[in-house]
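The structure under discussion appears below in the form of structure tokens.
The values are calculated or read from the model by the stated rules, or taken from the named source; none is laboratory data. Worth saying up front: this structure is predicted, and the values here are computed from it rather than measured. Positions of Cβ are generated from backbone atoms using ideal geometry, with glycine treated the same way; all protein chains shown enter the neighbour counts. The accessibility values were calculated without ligands, DNA or RNA, using every heavy atom of the protein model including side chains. Shrake-Rupley method; radii C 1.70, N 1.55, O 1.52, S 1.80 Å.
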Amino acid sequence: MNTPVRILLVDDHPLVLDGLKARLQVVEHLHVVGEAGNGAEALEQAARVDADLALVDISMPDMNGIELTRRLRETSPRLHVLILSMYDNAEYVSSALKAGARGYLLKDAPASEVLRAIETVAEGGSYFCQSAVAAMAEAPAENTPLTDREREILIFIVKGESNKRIAQQLNISVRTVETHRMSLRRKLGVITSAGLVHYALKQGWINSAGNPG
């Protein structure tokens, strides 16, 4: 990936901010355009610098990263959020997902994984570290009702259809399909496609062959 990515860094520890900036500034196409030490500053910066991605600490005193993510999704919907945390328990990961985060990464991740996560999220994808995925896999699924459209798209996903193919079959935009995918993950607290398959099987919407039940 060589497309420039404008990044907003949010952490209440100056040393962490300096460390992140040092990691990122050596990569030519990554540009740190703003830094914030708390949630209020982050909201102000997001409105001013037009960043593509916010790297957000989950533990901050005035407004935690979960609430900040929720606020950013309301005020700056084009801004993708990647959560940084010292914790990989299911409660934190699920809350971040529901708030609208596109990814979840531990603070001790190697520089190569940080770069991979940033590039994946900046391109519109999702990135959750292995321990976050494992934590969610062990968490009980929530019983949240889906809309008819969400259920329809879930079945297409389970059948292995791409976003483009789903959009063609339902006569909707690829962007709309992506939005529904994120909504499914937030509602169900499920990160992986395998988790979505498991949910659909449990509900009896498909059989073991992946066909509608």
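In the chain, the DSSP-assigned H stretches of four residues or longer account for a calculated mean residue ellipticity at 222 nm of -15500 deg cm²/dmol, using -39500 (n - 2.57) per stretch and the full residue count as denominator. Take the Cα of H29, step 7 Å toward its Cβ, do the same at R151, and the gap between the two points is 4.1 nm. Label separation (K21 vs I172): 4.2 nm, computed from points 7 Å beyond Cα along the C-beta direction. Can you tell which of N89, N171, N38 shows the greatest fluctuation in a Gaussian network model of the chain with Cα springs below 10 Å? So, out of N89, N171, N38, the one fluctuating most is N171.
Treating cross-link reach as a plain straight distance, find the lysines whose alpha-carbon is under 26 Å from the alpha-carbon of K164, omitting any fewer than eight places away in the same chain. Here the lysines satisfying the reach criterion relative to K164 are K98, K187.
With every protein chain in place and a 1.4 angstrom probe, the accessible-area ranking of R175, R48, largest first, reads R48, R175. Between H13 and T179, what is the FRET efficiency for a Förster distance of 35 Å, r being their Cβ-Cβ separation, to the nearest 0.05? Efficiency, from the Cβ-Cβ distance: 0.55. With both labels modelled 7 Å from their Cα along Cα-to-Cβ, the E113 to A40 distance reads 3.5 nm. Compared with the direct C-alpha span, the chain from E138 to T3 gains 45.0 nm at full extension, assuming 0.36 nm per residue.
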